[in-house]
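Let me begin by presenting the structure, written as C-alpha cells, before commenting on it.
Every read-out reported here was derived from the displayed coordinates using simple, explicitly stated rules and does not represent laboratory data. The shown structure was predicted, so the numbers you read here are calculated from the model rather than taken from an experiment. Here Cβ is always computed from backbone atoms with ideal geometry, including for glycine, and neighbour counts include all displayed protein chains.
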Amino acid sequence: MSNQEILEKAIQKAIDGGWHGCCSTTKRIIMHNEPFSIIFNHDFAKALWGKEDRQFRSIGGWTQAWKYHLQQMVIAEEPIKYLGENI
C-alpha cells in the first residue's frame, strides 16, 4: 500500500471515529506531501485509535491506545509505515 493510500485510509477511519478534519485541507495536505500536520495531531489520533480502555505498557506506566500509537509513530523511522501497520 502506498503512503497516499495509507493516509487516505487512516483519514477516513479517523473521520468515521468522529474526527472533524476539513476534507479540502486533508486533500491538500496529502497532495502536497504534508501529512505530519495531521497524523501527529492528538484529536486525529484519538479518533483513529479510539478512546478505548485498552491500555499499553509505556515508559512510566500504562497509557491509552491512542497515546501509545502516537508515541510509537513519533519515534518510528517511517511514521506512515507504522500508521499503515496499525490501523
Open item on the list: Only counting other Cβ atoms within 10 Å, I'd like Phe36, Phe44 sorted with the fewest neighbours first.
Closed with: Phe36, Phe44
- [ ] Starting from the Cα of Asn3, step 7 Å along the direction of its Cβ; do the same at Phe40; then give the gap between the two resulting points in nm.
- [x] 1.4
Open item on the list: Modelling each spin label as a point 7 Å along the Cα-to-Cβ direction, I'd like the Lys13/Glu77 distance in nm, to one decimal.
Closed with: 2.2
TODO: Using 0.36 nm per residue of separation minus the Cα-Cα distance, give me the extension gain between His20 and Ile87 in nm, one decimal.
DONE: 22.3 nm
